[in-house]
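First the structure, in the form of structure tokens, and then the observations on it.
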């Protein structure tokens, strides 16, 4: 499997969970601390940690240790996986646009043929 295909698979697998998609939505606004994310979803810190681990190991987010307190972790989105996903979706959309265009042309030819 090509590296880009594996990255897309990893991205889709990570985004399959609705909580992780909501985490991504929050991180689109700004970087956030792990505790802040747990509070936003009213889940335990260990549960949020598991979601963040999946997003991090799949490459969607990165963590940064908070300045003075090494226990504080701030998470932010990484743009690369989303660019790869957007590129793949553009290719899929292009395929379907071509298919719909061909169907439209076929239907119009059939309609013209019935009028004569």
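Inside the range 36-56, can you point out the residues that are out of contact with any helix residue (DSSP H, G or I) (no Cβ under 7 Å at 6 or more places or on another chain), part of a helix (DSSP H, G or I) and over 21 Å from residue 12 (Cβ atoms)? 36, 39, 46, 47 - these are the residues of the range 36-56 that are out of contact with any helix residue (DSSP H, G or I) (no Cβ under 7 Å at 6 or more places or on another chain), part of a helix (DSSP H, G or I) and over 21 Å from residue 12 (Cβ atoms).
Quick one: in the range 60-94, of everything that is surrounded by 10 or more Cβ atoms within 10 Å (Cβ to Cβ) and modelled with pLDDT under 80, which residue is nearest to residue 12 (Cα to Cα)? Among those that are surrounded by 10 or more Cβ atoms within 10 Å (Cβ to Cβ) and modelled with pLDDT under 80, it is 94.
Going through (1) at pLDDT below 95; (2) closer than 19 Å to residue 74 by Cβ one by one, residue 8 falls short only on (2).
The values are calculated or read from the model by the stated rules, or taken from the named source; none is laboratory data. These numbers were taken from a predicted model, which means no experiment stands behind them. Note that each Cβ is placed from the backbone with ideal geometry, even for glycine, and that neighbours are counted across all protein chains shown.
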